[in-house]
Amino acid sequence: MGPNAAASVGAACTDVAIVILNWNGAGFLARFLPSVLAHADGARVIVADNASTDDSIELLARDFPTVELLLLERNFGFCEGYNQALAQVDSPFFVLLNSDVEVTLGWLRPLRGLLEAHPRIAAVQPKILAHADPTLFEHAGGGGGYLDRLAYPFCRGRLFDTLEKDLGQYDDARAVAWASGACMLVRRAAWLELGGFEPAFFAHMEEIDFCWRLQNAGHEVWYHGGSAVHHVGGGTLPKTNPRKTYLNFRNGLALLFKNAAPSELLAPMFQRLVLDGVAGLRFLAAGEFANFWAVLRAHFSFYGKLSYWRQRRAAAQPHLRVRERAGVYDGSLVWAYFARGKRRFSELRLR
């Protein structure tokens, strides 16, 4: 049975736990939990609270008494917060779901059915559309996550800031490089095998690192366009926040260094350093001094923890080459987009 046929059959979801990591997100919980509960298809719904200081706990107790609550002792950040929470959940399948995601009728069964039919698939994401305009793909996942040779992430439906309209062009099911942490169904066994998210990332690109490690370990990562959710995006850190700039640049370096094949590490790392320098100068020229400093701090942090990243790289053996991994563009997305004017995924001529 092919992936599309398996997904159309669906599967019971009583062995799934939908886990929402929350930190001071009472507004999002009040707004989007009703859709999660209405369309859970028998799955457990759990909120893991990262020591919120708003009224999240009171809201859950008052308005959502059927939701299971896990209280974490402090704010562990996104990565370690999920590691701490999921260690306490024994369901065979997890959905990592952002609090700013609105799910739709029938969203879960196709994802669960795909993993049921194909044991090698360890993680899958749905189609992710923008909540503000559901005709557009959303930045965090779109129609499935891809990487270029330098480990710059992009999606079907989104190259840098250019978003495509959803015209059904990505309604398929296929293997990809990474599944979005905004909404990702994962096998518990695979999560435990890999030790969950990289805790030193804190937040941002953690799902890309996790999915890269899944592929290195012999698992598959998929996208399924027969399921759709709507994502607000930027709920914790807006796109222009210097803290987000810092995390993206630091974690981008660590992502490549940890996971690339030995023969495909040195040249891409050098090219990343050059391109990061160009990005920093662009911030400086635009008067965005906080973002310029964020790029510098990201590099200082990466070099300062190089011994740690070496240990993490050694622990992640073996490393697959570009041609051995799904969802990788064997070229530079920066060159294709800015120099050659490629604005749509189809223009990259990827399979």
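Data for the structure
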item: Criterion violated by residue 308 - all others in (1) modelled with pLDDT under 95; (2) exposed (fewer than 13 other Cβ atoms within 10 Å of the Cβ) satisfied; result: (1)
item: Test: residue in segment 304-323 that is more than 25 Å from residue 244 (Cβ to Cβ), among the aliphatic types (A, V, I, L, M), in contact (Cβ under 8 Å) with a residue 40 or more places away in the chain and in a helix (DSSP H, G or I); result: yes
item: Some residue of segment 233-240 being at positive phi and open to solvent by less than 10 Å² (accessible area, probe 1.4 Å); result: no
item: Unique residue being within 13 Å of the chain's Cα centre (by Cα), at pLDDT 95 or above and either under 19 Å from residue 220 (Cα atoms) or not β-branched (Val, Ile, Thr) (or both) when the list is 163, 147, 111, 129; result: 147
item: Residue 279 being in contact (Cβ under 8 Å) with a residue 24 or more places away in the chain and more than 20 Å from the chain's Cα centre (by Cα); result: yes
item: Near pairs, Cβ below 7 angstrom, 6+ apart or cross-chain, from segment 9-38 (at positive phi) to any residue that is among the hydroxyl-bearing types (Ser, Thr, Tyr) and not in a strand (DSSP E or B); result: 24/52; 24/53; 24/56
item: Selection count where residues are surrounded by fewer than 18 Cβ atoms within 10 Å (Cβ to Cβ), farther than 28 Å from residue 28 by Cα and either of a type in the set (A, V, I, L, M, F, W, C) or at pLDDT below 95 (or both), scope segment 241-262; result: 1
item: Boolean, residue 140 is in contact (Cβ under 8 Å) with a residue 40 or more places away in the chain, assigned to a loop (DSSP other than H, G, I, E, B) and touching a Ser or Thr at 6+ places or on another chain (Cβ under 7 Å); result: yes
item: Residue within segment 49-58 that is buried (at least 22 other Cβ atoms within 10 Å of the Cβ), under 24 Å from residue 79 (Cα atoms) and among the hydrophobic types (A, V, I, L, M, F, W, C) present; result: no
item: Qualifying residue in segment 214-226 (condition: closer than 30 Å to residue 340 by Cα, of a type in the set (Phe, Trp, Tyr), in contact with a Gly (Cβ under 7 Å, 6 or more places away or on another chain) and without any contact (Cβ under 8 Å) to a residue 40 or more places away in the chain); result: no
item: Counted residues, segment 155-173 - those being surrounded by fewer than 24 Cβ atoms within 10 Å (Cβ to Cβ), closer than 23 Å to residue 255 by Cα and touching a residue at least 60 places away in the same chain (Cβ under 8 Å); result: 2
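The values are calculated or read from the model by the stated rules, or taken from the named source; none is laboratory data. Everything numeric in this text was worked out from a predicted model, so none of it was measured. Note that each Cβ is placed from the backbone with ideal geometry, even for glycine, and that neighbours are counted across all protein chains shown. Surface areas here come from the heavy atoms of the whole protein model, side chains and all, with no ligands, DNA or RNA. Shrake-Rupley method; radii C 1.70, N 1.55, O 1.52, S 1.80 Å.
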